[in-house]
Amino acid sequence: MNVLKLKIKELRKLNGDTLKQLASKINYDYSNLSKIERGIYSPSLSLLEKIANTYSVEVHTLFEAQENYTQEEKSLIKDLDISSSEISKKYNIEIDGERITEDELKFIIGTIRILRDTIQNGK
């Protein structure tokens, strides 16, 4: 997780955020976020998704600098990323008996992100 904590900090600083600003954006305690960046705590997958969504990156990019992962582990990390453009190719997702299109999937994901943001920010 050492690389992960550095990647989170790197992304945060690259986007000009303080710990408190990022914590506010993801609705998370900033002192615990600090502990994650220092390697004291390990982040949950849902927290990593929030951070990735905040900075418009895919979750697996938070792990990219890690060179000790096996190919199988790298594949699993990529599969966990719901924003992957490959999701419609990996999974047969149907609504009303029809396979959803790539454009429909992008729309659905975008809509969920807007709804999530609205709920989290109480708008």
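The values are calculated or read from the model by the stated rules, or taken from the named source; none is laboratory data. As the structure is a prediction and not an experimental result, all values here were calculated from the model. Counting neighbours? That spans all protein chains shown, and the Cβs are built from the backbone with ideal geometry, glycine included.
Okay, residues lined up against (1) of a type outside the set (D, E, K, R); (2) surrounded by 18 or more Cβ atoms within 10 Å (Cβ to Cβ):
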position: Leu22; (1), (2): yes, yes
position: Lys25; (1), (2): no, yes
position: Leu48; (1), (2): yes, yes
position: Ser56; (1), (2): yes, no
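Table: residues versus (1) at pLDDT below 90; (2) in the same structural domain as Thr111 (by TED's automatic domain parsing); (3) at negative phi; (4) over 10 Å from the mean Cα position of the chain (by Cα).
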residue: Leu11; (1), (2), (3), (4): yes, no, yes, yes
residue: Asp17; (1), (2), (3), (4): no, no, yes, yes
residue: Leu22; (1), (2), (3), (4): no, no, yes, yes
residue: Asn27; (1), (2), (3), (4): no, no, no, yes
residue: Glu37; (1), (2), (3), (4): yes, no, yes, yes
residue: Ala52; (1), (2), (3), (4): yes, no, yes, no
residue: Tyr55; (1), (2), (3), (4): yes, no, yes, no
residue: Ser75; (1), (2), (3), (4): yes, no, yes, yes
Quick count over region 9-37, residues being more than 19 Å from Val59 (Cα to Cα) and part of a loop (DSSP other than H, G, I, E, B), is 3
Taking region 38-50 and keeping only residues that are assigned to a loop (DSSP other than H, G, I, E, B) and closer than 14 Å to Arg12 by Cα, one is left with Arg38
